1. Consider residue 328 carefully, then state whether it is part of a helix (DSSP H, G or I) and more than 16 Å from the ligand (Cβ to nearest atom).
2. Taking the stated definitions as given, is residue 268 at pLDDT below 95, more than 11 Å from the ligand (Cβ to nearest atom) and under 21 Å from residue 140 (Cα atoms)?
3. Somewhere in region 275-289, is a residue farther than 30 Å from residue 102 by Cα, part of a helix (DSSP H, G or I), within 16 Å of the ligand (Cβ to nearest atom) and modelled with pLDDT of 90 or more?
4. So residue 192 fits all but one of (1) closer than 30 Å to residue 127 by Cβ; (2) modelled with pLDDT of 90 or more; what number is the exception?
5. Regarding residue 300, is this residue surrounded by fewer than 19 Cβ atoms within 10 Å (Cβ to Cβ) and either more than 17 Å from residue 389 (Cβ to Cβ) or in contact (Cβ under 8 Å) with a residue 24 or more places away in the chain (or both)?
6. Out of (1) in a loop (DSSP other than H, G, I, E, B); (2) touching a helix residue (DSSP H, G or I) at 6+ places or on another chain (Cβ under 6 Å); (3) more than 16 Å from the ligand (Cβ to nearest atom), the odd one out for residue 317 is which?
7. Does residue 360 fit the bill of being under 20 Å from the mean Cα position of the chain (by Cα) and either closer than 25 Å to residue 142 by Cβ or not in a helix (DSSP H, G or I) (or both)?
8. Can you spot a residue in region 242-253 that is under 23 Å from residue 292 (Cβ atoms) and either within 16 Å of the ligand (Cβ to nearest atom) or in contact with a strand residue (DSSP E or B) (Cβ under 7 Å, 6 or more places away or on another chain) (or both)?
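The values are calculated or read from the model by the stated rules, or taken from the named source; none is laboratory data. If you're wondering where the values come from, they're calculated on a predicted model, not measured in any experiment. Cβ placement follows ideal geometry from the backbone for every residue including glycine, while neighbour counts extend to all protein chains displayed.
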Ligand code: ASP
């Protein structure tokens, strides 16, 4: 019986069935998509309370601000290093493979990029991290604002006298555990959810433009594959001396969810559960590293920003100087930090990088429109890379804090 199989096999069957429905029974793809929508809403329902209770529990449990500072520095160092490695890989591949050379934009095939909302400047993104109203941050799904408030609140708890401190830490810990139980329940229905998500996503993909931008897609896909299959596992091995396959096996469920939802934020509950239950990382480290990672650490997105802008420049016959390419590297890093963990957020942030090298022209925007048409499959892969890097970060940092990773088969 299907439900006797392990969860990840059930999810695979759900994905395959979703693809079959989209191809052979397109009339049913719409109603099936509704199942995906219900599943996504369930996941999104737990994100805000899960992040909040988890961070408050984790931070108030750390207690010592020095430990917190050390964790913070390590986390940032890891996130910046992996994102930069990903960007340099994207830069190298785009220069070698030259996906934009000889591109001809067939008239009428471009889609207007106007429908994409432009992001604010980098400074604006940073300032907006401080929520003027934390309740509104929670209701608007402003994750960075929520993280900021939860960090400060958790820290404040550590300064309370013992009685109220224990009262709050016990209460938040209990609430966090209840959220984890809800998360596990929602993940049980993932096979049905991904069935709907894949059926819905495949049926709305514009197929005709794939040929035109095939080389660009291949370049990005190859970069993502190398980062996922070589760089991240090598880094994991170097820093923990453990077999990366153990980690990848333990993270299979969140990877599948990242692929089906194209959203690091929606995947966060599953990532936290897998890192803690299948990887043995403490709640203290996981609750600090993962929510932050889901919003600011996006290796796949960073690689894509860089390769995407080089593709646009090449297509327009613009030769970027070394100085300009360095600018692309730096702004791609900032754009990936600023991108939200939701579908196609990375594509929107590409405007920041284009702007930095004065490529904000109508011709460039037409190409962004073309990239939008084929964004979904790339988004699926880059989201998998994004959450894999977060989970490795949690494992590496836990290891460096003296924790032993206890991997178990999910
Ligand atoms: N969808 C990606 C994520 O949630 C962000 C992106 O569009 O690159 O991680």
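1. Working: part of a helix (DSSP H, G or I): yes; more than 16 Å from the ligand (Cβ to nearest atom): yes.
Considered against the rule, which asks whether it is part of a helix (DSSP H, G or I) and more than 16 Å from the ligand (Cβ to nearest atom), residue 328 comes out as yes.
2. Working: at pLDDT below 95: yes; more than 11 Å from the ligand (Cβ to nearest atom): no; under 21 Å from residue 140 (Cα atoms): yes.
Answer is no for this residue.
3. yes
4. (1)
5. no
6. Here residue 317 meets the rest and fails (2).
7. Answer is no for this residue.
8. So far as region 242-253 goes, yes, one or more of its residues are under 23 Å from residue 292 (Cβ atoms) and either within 16 Å of the ligand (Cβ to nearest atom) or in contact with a strand residue (DSSP E or B) (Cβ under 7 Å, 6 or more places away or on another chain) (or both).
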